[in-house]
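Have a look at the structure below, then the notes.
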Amino acid sequence: MFLDNMVAVIRKEFKEECDYIKEADKLELYKNCLTDDKDYHVPKVYRKYSNKKCLCMEFVEGTLIDRFSDARVPQELRDRIGELLLRLALKEIFLFRFIQADPNPANFFYDTARSRLALIDLGAGHKFCREFIDGYAKLVYAAANADKHMIMEYLKRTEVLTGEESKKVLDAYLSLSLALGEAFNVGRDSCYDFSTQEATEKVRVSSPVDLQTHASHDRKPTHSLAACDGAAE
């Protein structure tokens, strides 16, 4: 069963996430990816003082990003932080192919003095193969252009779906893909208004359908925490 496999994958990931030598490797890989981008900062790892059960790294200056959600914070500053997060997510997927798969607010600090985003906790970082990312990019392109035929084709090519699902499931994934593509379907000089978006609600509604679908398959999940689920390295 898919859920049995999911539990096994989660158990494996949690064990790996508690191995601080592996996390140090991921931190250094991520830091190398962002070396030339001054908008982001990844702390230096001190290998001499680190081991499998202890990770010693540079102290990070900044404020947790959820503190900036207050409406009293200037909109310009909130937009700046939002832009940095979105740009980073796109870089992770389409350039680095290395994803911070546990993007909770406690892992991001905004340094107002340097106007940059600092990142910690890469224990759940995950590398994806080029073949999967290329397929995912085409899926995003199809969603942005509301190309239903292409969406279904790449949902199957990336192994999100097998093509044998019921019409209810196929329609749910199509609707979800179209909703997520809306943010990319704006003009170059236009802005997407996240305050009025409905994608989050559509994801919530489709989740039970997604679970029922996967529960009936013996397809092994490759990474439980990542934003996408497919053929990983």
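The values are calculated or read from the model by the stated rules, or taken from the named source; none is laboratory data. These figures come from a predicted structure and were not determined experimentally. Note that we place each Cβ from the backbone using ideal geometry, even for glycine, and neighbour counts take in every protein chain shown. Heads up: the accessible areas ignore ligands, DNA and RNA and are worked out on the full protein's heavy atoms, side chains in. Shrake-Rupley method; radii C 1.70, N 1.55, O 1.52, S 1.80 Å.
If you go through the stretch 13-25 and keep only what is open to solvent by less than 30 Å² (accessible area, probe 1.4 Å) and charged (D, E, K, R), you end up with Glu13, Asp19, Glu23.
Quick one: in the stretch 53-73, which of the residues that are of a type outside the set (D, E, K, R) and part of a helix (DSSP H, G or I) is most open to solvent (accessible area, probe 1.4 Å)? My answer is Ser69. Scanning the stretch 157-173 for residues that are touching a Leu at 6+ places or on another chain (Cβ under 8 Å) and over 20 Å from Phe132 (Cβ atoms) yields Val169, Leu170.
When the stretch 113-128 is limited to residues that are surrounded by fewer than 21 Cβ atoms within 10 Å (Cβ to Cβ) and in a loop (DSSP other than H, G, I, E, B), the one that is farthest from the chain's Cα centre (by Cα) turns out to be Ala113. For the stretch 74-109, filtering for residues that are in contact with a Cys (Cβ under 9 Å, 6 or more places away or on another chain), open to solvent by less than 60 Å² (accessible area, probe 1.4 Å) and assigned to a helix (DSSP H, G or I) leaves 4. Please go through the stretch 18-52 and give me each residue that is in a helix (DSSP H, G or I), of a type in the set (A, V, I, L, M) and within 21 Å of the chain's Cα centre (by Cα), ordered by number. Listed by number, the residues that qualify are Ala24, Leu27, Leu29. Given the structure, is Arg114 within 25 Å of Phe14 (Cβ to Cβ) and of a type in the set (Lys, Arg)? Criteria not met by Arg114.
The rows are residues; the columns are (1) open to solvent by less than 90 Å² (accessible area, probe 1.4 Å); (2) over 23 Å from Phe94 (Cα atoms); (3) assigned to a helix (DSSP H, G or I).
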{"position": "His149", "(1), (2), (3)": "no, no, yes"}
{"position": "Tyr154", "(1), (2), (3)": "yes, no, yes"}
{"position": "Val169", "(1), (2), (3)": "yes, yes, yes"}
{"position": "Gly181", "(1), (2), (3)": "yes, no, yes"}
